[in-house]
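Undergrad: Let me give you the structure first, and then I'll get to my questions.
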Amino acid sequence: MNTQHLRGIPLHLEDLTYPELKKLKHEVDGLISKNQVGEVIAKREDRLTDCPNCSSSQFTRWGFTKQGVQRFKCKACLQTFNALKGTPLYRMRMSQKWVQYNELMWHGATLRDCAKDLDISLRTAFRWRHTFLKAPSYTGIQPLSGVIEADETFINESFKGKRILHRDARKRGGGKSPKTPILIALNREGSVIHEVVDRNTKESICQFLQPRIADGSVLCTDGNKSYIEVANGCKIDHKRIIGLDKIRVVENIYHIQALNNYIMNWKEWMVRFRGVGRGYLTHYLSWFRHMKQHKKSDQGLLFAAMTNT
């Protein structure tokens, strides 16, 4: 519906009786409640304070896009924009399928399942997945505090999706596969940080942890001596849980069992994807973290994509 037709609707409302107006309101409220994408965009519009092009706070409403999204025009730079400008969802099409795609992602659906259920191409399913995961991947994480558990884990190196390999191709069954190291830490409040690194070295562990641990915290690790260097560079207490001594808990409080369970659950969840390219591992780590830290919501990743920009 164009703007002219929309403006003509209020002219006919005065001819309706009260029961007819009440019925119309009921129908409109029902349609609004079903339009979950529109609700998310409307909330984003209410938070707009400046132009995404020049940061000016002087802008006015300027019609609608073909998809019915409110447009604005900046009085300073004269550029037009909408609430999605500057978000990963800007210029994404088929918004009527975003919520259902969000729900499929929440259940960890594969790309082929998403493409089949939504009648979209596999390429579109892939692009949408990583569009929705941009915001959770780049969400700023505050330094961990309190009791912190840290460890490394490894996953088979994969260049899935890459056209060019920077090494010789391996034959199936031709020995052990190289591993990609991942550093993970969490605290007892549920905050999680992670990083995919090139090598599992003392330097990479220190660079990962030292800037992200608040003073006065307690760091719980296994017997890896690299964490001693981390503790020496921070004002923290260090509790080492050395498996060879069959010690799992120190002082009845300090352990790394919560982190071990987190890593085990993540790896079990990853099996459905049958291997993930190294370049996308951060997105899958962030995806799993987002689901662990938030309640299930059909609009969860939509809100994340529009607020963390």
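Readers should treat all values here as calculations from the given coordinates under stated rules, not as data from a laboratory. Just so it is clear, the model here is predicted, and its values are computed rather than measured. Don't worry about glycine lacking a Cβ; one is built from the backbone with ideal geometry, like all the others, and counts go over all protein chains shown.
Undergrad: Could you tally the net charge around D151, taking each other residue with its Cβ under 14 Å from the Cβ of D151, Lys/Arg +1 and Asp/Glu -1?
TA: Local charge sum for D151: +1.
Undergrad: Apply the Karplus parameterisation 6.51 cos²θ - 1.76 cosθ + 1.60, with θ equal to phi minus 60°, to every residue of region 61-69 and state each ³J(HN,Hα) to the nearest whole Hz, in sequence, with x for glycine and proline.
TA: Result, ordered by residue: 5, 8, x, 9, 7, 5, 8, x, 8 Hz.
Undergrad: Let me ask something else. Given a Förster radius of 41 Å and the C-beta distance between M94 and Y18 as r, what FRET efficiency does 1/(1 + (r/R0)^6) yield to the nearest 0.05?
TA: Between M94 and Y18 the formula returns 0.55.
Undergrad: Still on this model: Collect residues whose amide H, placed 1.01 Å from N in the peptide plane, falls under 5 Å from the amide H of C220; neighbours closer than 5 in sequence don't count.
TA: I148, E149, A150, K239
Undergrad: Quick one: order V249, V147 by neighbouring beta-carbon count within 10 Å, fewest to most.
TA: The order, fewest Cβ neighbours first, is V249, V147.
Undergrad: Another one. Under 5 Å between amide H atoms, partner at least 5 residues away or on a different chain: which partners does W62 have, H built in plane at 1.01 Å?
TA: R71, F72, K73
Undergrad: While we're looking at this one, here's another question. Starting from the Cα-Cα distance between R188 and H294, subtract it from 0.36 nm times their residue separation and give me the gain in nm to one decimal.
TA: 36.6 nm
Undergrad: In addition: May I ask you to compute the full-extension gain from T80 to D50, defined as 0.36 nm times their residue separation minus their alpha-carbon distance, rounded to one decimal in nm?
TA: 9.6 nm
Undergrad: Say the cut-off is 32 Å between C-alpha atoms; which of K25/K97; K246/K267; K25/K75; K43/K267; K134/K179 go over it?
TA: Exceeds cut-off: K25/K75; K43/K267.
Undergrad: Take Y254, Y18 and order them by how many other Cβ atoms sit within 10 Å, fewest up front.
TA: With the sparsest Cβ surroundings first, the list reads Y18, Y254.
Undergrad: Okay, next question. So for V276, V271, V250, fewest C-beta neighbours within 10 Å to most, what's the order?
TA: So the residues, fewest neighbours to most, are V271, V250, V276.
Undergrad: Using the beta-carbon distance between R199 and R123 and R0 = 30 Å, what value does 1/(1 + (r/R0)^6) give for FRET efficiency, to the nearest 0.05?
TA: 0.35
Undergrad: For the pair V271 and Q207, what calculated FRET efficiency results from E = 1/(1 + (r/R0)^6), where r is the Cβ-Cβ distance and R0 = 45 Å, to the nearest 0.05?
TA: 0.90
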